[in-house]
Each structure stands twice: as C-alpha cells, then as structure tokens.
Amino acid sequence: MSEFSASYHLKTNHREAAVRLIKQSGSEGYVYEESNGWMTFVIEGAAFDIKESVIFYNPGLSTPATGLMS
C-alpha cells in the first residue's frame, strides 16, 4: 500500500515562524516539530494544490511582487 502527502518545509528552528506564515497566507494548518533546522507543516485543502499565498509570504523565497529575496 502507498501513501502520499503534501507538505511544506520552512528553514527555521522557530515554530512560530511557520505558524505566522500559515496565518499570513490566510490558511489553516498543522506545524510538526522542528527537525535539523526545518519546520514541516501542512495546509488544509486539496493535496498537491500549491497555495500561491504560502509561497508569497515565505520570507526565504522571491516574491512575485519584487522578485527579490527577503
């Protein structure tokens, strides 16, 4: 039997950063325990449906508005 899941990963040791990202994106989700400097989290919604708002508010990625790293 196979199992698939869709999760996001944020390079941080701080759970609050992942919680803030979820809230800023207008989503609800669950944040797992930190592991090796990474926070894994899942967002409520369809599996494998990448939420553009999560990408937009991620402080470590380029934003569509500026194209610059935060």
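The values are calculated or read from the model by the stated rules, or taken from the named source; none is laboratory data. Just so we're clear, the structure is a prediction, and the values are computed from it rather than from any experiment. Every residue, glycine among them, receives a Cβ derived from its backbone with ideal geometry; neighbour counts consider all protein chains shown. Remember, those area values only see protein heavy atoms, side chains included, never the ligands or the DNA or RNA. Shrake-Rupley method; radii C 1.70, N 1.55, O 1.52, S 1.80 Å.
Points to keep in mind about this one:
- For residue 59, the test of being modelled with pLDDT under 95, in a loop (DSSP other than H, G, I, E, B) and open to solvent by 100 Å² or more (accessible area, probe 1.4 Å) is failed.
- Qualifying residue in the stretch 19-30 (condition: among the hydrophobic types (A, V, I, L, M, F, W, C), part of a helix (DSSP H, G or I), at pLDDT below 90 and open to solvent by less than 90 Å² (accessible area, probe 1.4 Å)): no
Each row is one residue, and each column tells you yes or no for (1) at pLDDT below 85; (2) surrounded by 12 or more Cβ atoms within 10 Å (Cβ to Cβ); (3) over 13 Å from residue 8 (Cα atoms).
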site	(1), (2), (3)
38	no, yes, no
41	no, yes, no
47	yes, no, no
54	no, yes, no
65	yes, no, yes
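- Residues located in the stretch 34-49, provided they are in contact (Cβ under 8 Å) with a residue 12 or more places away in the chain and part of a loop (DSSP other than H, G, I, E, B): 34, 37, 44, 45, 47, 48, 49
- Residue in the stretch 1-11 that is under 10 Å from the mean Cα position of the chain (by Cα) and in a loop (DSSP other than H, G, I, E, B) present: yes
- Filter pass, residue 3 being among the charged types (D, E, K, R) and modelled with pLDDT of 80 or more: no
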